[in-house]
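Everything on this sheet refers to the single structure shown next.
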Amino acid sequence: MTTTGSSARRDDIDALIIGAGPSGVTAARLLAESGFRVTVLEQGDWPDVADYPSDKPERDLLIAGPWNPNPNHRHRPSDYPVNDSDSDVHPLMFNGVGGSSVLFWAEWPRMIPSDFRVRTLDGIADDWPLTYEDLQPYYEAVDEMIGVSGLGGNVAYPPGYVPPQPPLPIGRIGRLAAEGMNKLGIGWWPGTSAILSQSTGSRGACARWGTCGSGCPEGAKASFDVAMWPGALAAGVNLVTGARVREITVSDQGLATGATWIDREGVERHTSAPVVIVCANGVGTPRLLQLSTSPLFPDGLANSSGYVGRNLMMHPVATVLGEYEQELEPWLGPESHPVWSMHFAETDLSRGFHRGAKWTAVVLQGPVGLLQRFAELPLAERSGPAGHALVERLHGRSFEISASIEDLPDLDNRVTLDPDLVDSDGIPAPKIHYRMSDESRRALDWNLDRIVEVHEAAGAISTKRVDFAGETGWHLLGTARCGNDPATSVVDGYGRSHDVPNLYIFDGSVFVTSSAVNPTPTITAFALRATEHLIETAASQRTPL
């Protein structure tokens, strides 16, 4: 049942989940299918496919405003402001059913085995309390649940990794990128995408709109409102939209008792539950935990370690634009990931930095996006006749290759509560403190130099570096990390709080290290594994009710 604006006071529920994005719905669906009574509180709304910018002539204008990935530009009723004045990277997110997957590009790479053992292998950061092998069956299960396309045999992974659907076409852009990498001996692979290459149920196969990042009008992209929520609702999950959670409440014994939340009319409500699961992303989760103070938890809920909000990782990204003489058909999707490379994903200290990067070929959609790549030019050189000439020259004959850098944890990169800024309900907003490390900058420079070489080897007649590092904070990780030691982590390897045994966190906050890849496959695999463990140990679960 879906309810909006109701009290959602269902004291007979078995689990309360905060956040209806990928991890929240993955947990909700498995719990409900296992017989648990589940309520999910979501501060956003159901996204309406008819409103997506992707198939509209004014797409670029909509992306700049009501569909902007930056909540500080979007200003929807469901959004809260974020003070990012002290951050090198602006956090991006979407509040609504399906979470940020509504606007993601559907790149679907798993973390590689070494990503879980960075301390052991490289002597930096920390190891995860689990391994790639622990997550592998859950990676596979989520792939099947949402429909993932790709080509098996990628040597970046252990043998046996075969996506359930055939790969999407790599197109002219993918061919050129592959040719350039082949000439330099750099390994690449066709994209693994959370996009259907074959129709499944009510979802159509990819029609190659090439506008994945502004909502898929075909339903082929596995945004979790489309790919996971129908199954969760069918299993009986109770979803409440327009519900902004202000605090997780606790008993005198220090157990979570539910959540206090505010509906769209400004009415404060409370939902009681014996188990609370937080899935509010790497900014929203530490914000909520820090809001949930009490005599037992004066520094924030589940924060005896002091690690809540710390170690924020956001994957700095930059690209190289390559100009070519031939027509490249950049309007044919997918928007990103026709080919990708993990060739430089692991540490080689001769490069001057630890860990590495994921490379991704990226199409350029529309003249506005193209002109944004030249924002450093005087206005007269990128508008009017000069702007038209620039677009005429490059549109259809250029594409980018991006480098996403593994962002190493730093205690000083963190989420705190802003002392002055509040949301529309008067709740303190989060403040981001984030500085890109010198090591990350060296990694970006080194990888961009190699990408220039790839474009040149592929026949580019010009190249241009584009620094989007400050505008690419989609991946919000590490602010309530998992670990075996309660002194240096917030939750254990199954997402259970060390301090509050009936409080769980399943989103990207739990990441110990960031890897260089997009995190949603790992977030959902972690959530599925953790939920299964919660179900298996339910008989011994401590609760206040």
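Residue selection: residue 452 fails the criterion of being touching a helix residue (DSSP H, G or I) at 6+ places or on another chain (Cβ under 7 Å), modelled with pLDDT of 95 or more and among the aliphatic types (A, V, I, L, M). Looking only at segment 506-527, residues that are open to solvent by 10 Å² or more (accessible area, probe 1.4 Å) and either modelled with pLDDT under 95 or part of a helix (DSSP H, G or I) (or both) come to 2 in all.
On the basis of being over 15 Å from residue 455 (Cβ atoms), of a type in the set (Gly, Ala, Ser) and modelled with pLDDT of 95 or more, does residue 361 make the cut? So residue 361 fails the test. Considering segment 232-258, and only residues there that are in a loop (DSSP other than H, G, I, E, B) and touching a helix residue (DSSP H, G or I) at 6+ places or on another chain (Cβ under 9 Å), the residue that is nearest to residue 23 (Cα to Cα) turns out to be 237. If the condition is being crowded, with 20+ Cβ neighbours inside 10 Å and either touching a His at 6+ places or on another chain (Cβ under 9 Å) or within 27 Å of residue 537 (Cβ to Cβ) (or both), then segment 256-275 contributes 256, 257, 258, 259, 261, 271, 273, 274, 275. Within segment 178-210, restricting attention to residues that are outside any loop (DSSP other than H, G, I, E, B) and among the small types (Gly, Ala, Ser), the residue that is nearest to the chain's Cα centre (by Cα) is 193. Only one entry in 248, 170 is buried (at least 21 other Cβ atoms within 10 Å of the Cβ), of a type in the set (A, V, I, L, M, F, W, C), more than 23 Å from the chain's Cα centre (by Cα) and within 30 Å of residue 289 (Cα to Cα), namely 248. Within the bounds of segment 444-466, is there any residue that is open to solvent by 20 Å² or more (accessible area, probe 1.4 Å), of a type in the set (Ser, Thr, Tyr), assigned to a strand (DSSP E or B) and touching a His at 6+ places or on another chain (Cβ under 6 Å)? For segment 444-466, residues open to solvent by 20 Å² or more (accessible area, probe 1.4 Å), of a type in the set (Ser, Thr, Tyr), assigned to a strand (DSSP E or B) and touching a His at 6+ places or on another chain (Cβ under 6 Å): present.
Every residue, every condition in (1) hydroxyl-bearing (Ser, Thr, Tyr); (2) touching a strand residue (DSSP E or B) at 6+ places or on another chain (Cβ under 8 Å), yes or no:
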position	(1), (2)
201	no, no
205	no, no
209	no, no
214	yes, no
219	no, yes
226	no, yes
229	no, yes
235	no, no
241	yes, yes
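Residues that are over 20 Å from the mean Cα position of the chain (by Cα) number at least 1 in the following helices (runs of 4 or more DSSP H) confined to segment 32-146: 59-64, 118-122, 132-146. Within the set 322, 352, the sole residue that is modelled with pLDDT of 95 or more and farther than 29 Å from residue 62 by Cβ turns out to be 352. Here residue 517 does not qualify as in contact with a Ser or Thr (Cβ under 6 Å, 6 or more places away or on another chain) and closer than 19 Å to residue 357 by Cβ.
Residues in segment 476-489 that are in contact with a Ser or Thr (Cβ under 7 Å, 6 or more places away or on another chain), surrounded by 24 or more Cβ atoms within 10 Å (Cβ to Cβ) and in a loop (DSSP other than H, G, I, E, B): 478, 479, 480, 481. Scanning segment 221-234 turns up one or more residues that are over 22 Å from the mean Cα position of the chain (by Cα) and within 30 Å of residue 264 (Cα to Cα).
Considering each residue of segment 293-314 in turn, at least one proves to be of a type in the set (A, V, I, L, M, F, W, C) and under 30 Å from residue 394 (Cβ atoms). No other residue among 218, 179 is more than 27 Å from residue 68 (Cα to Cα), out of contact with any helix residue (DSSP H, G or I) (no Cβ under 6 Å at 6 or more places or on another chain) and of a type in the set (D, E, K, R) apart from 179. Criterion first (at pLDDT below 95 and touching a Lys or Arg at 6+ places or on another chain (Cβ under 9 Å)) does residue 219 satisfy it? When the stated conditions are applied, residue 219 passes them. Apart from one condition, residue 225 fits all of (1) closer than 30 Å to residue 61 by Cα; (2) open to solvent by less than 20 Å² (accessible area, probe 1.4 Å); (3) at pLDDT 95 or above; (4) not in a helix (DSSP H, G or I); the exception is (4).
Listed here are the residues, each with its yes/no results for (1) open to solvent by less than 10 Å² (accessible area, probe 1.4 Å); (2) in contact (Cβ under 8 Å) with a residue 12 or more places away in the chain; (3) in a loop (DSSP other than H, G, I, E, B).
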{"position": "283", "(1), (2), (3)": "yes, yes, no"}
{"position": "287", "(1), (2), (3)": "no, yes, no"}
{"position": "297", "(1), (2), (3)": "no, yes, yes"}
{"position": "306", "(1), (2), (3)": "no, no, yes"}
{"position": "315", "(1), (2), (3)": "yes, yes, yes"}
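Once segment 399-430 is narrowed to residues that are in a loop (DSSP other than H, G, I, E, B) and polar (S, T, N, Q), the residue that is surrounded by the fewest Cβ atoms within 10 Å (Cβ to Cβ) is 424. For segment 75-91, how many residues are surrounded by 24 or more Cβ atoms within 10 Å (Cβ to Cβ) and farther than 15 Å from residue 422 by Cβ? Total meeting the criteria: 2.
Condition check ((1) of a type in the set (A, V, I, L, M); (2) at pLDDT 95 or above) across all residues:
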residue: 24; (1), (2): no, yes
residue: 28; (1), (2): yes, yes
residue: 31; (1), (2): yes, yes
residue: 39; (1), (2): no, yes
residue: 49; (1), (2): yes, no
residue: 69; (1), (2): no, no
residue: 75; (1), (2): no, no
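Every condition in (1) at pLDDT 95 or above; (2) open to solvent by less than 10 Å² (accessible area, probe 1.4 Å); (3) assigned to a loop (DSSP other than H, G, I, E, B) holds for residue 396 except the one numbered (1).
Evaluated against (1) in a loop (DSSP other than H, G, I, E, B); (2) open to solvent by 30 Å² or more (accessible area, probe 1.4 Å); (3) within 25 Å of residue 520 (Cβ to Cβ); (4) modelled with pLDDT of 95 or more, residue 332 falls short on exactly one condition, (4). For segment 373-387, residues that are loosely packed, with under 13 Cβ neighbours inside 10 Å and assigned to a helix (DSSP H, G or I) total 4.
The values are calculated or read from the model by the stated rules, or taken from the named source; none is laboratory data. Because the structure is predicted, anything quoted here is derived from the model rather than measured. With ideal geometry, Cβ positions are generated from the backbone for all residues, glycine too; neighbour counts draw on all protein chains shown. Note: areas computed on protein heavy atoms with side chains; ligands, DNA, RNA excluded. Shrake-Rupley method; radii C 1.70, N 1.55, O 1.52, S 1.80 Å.
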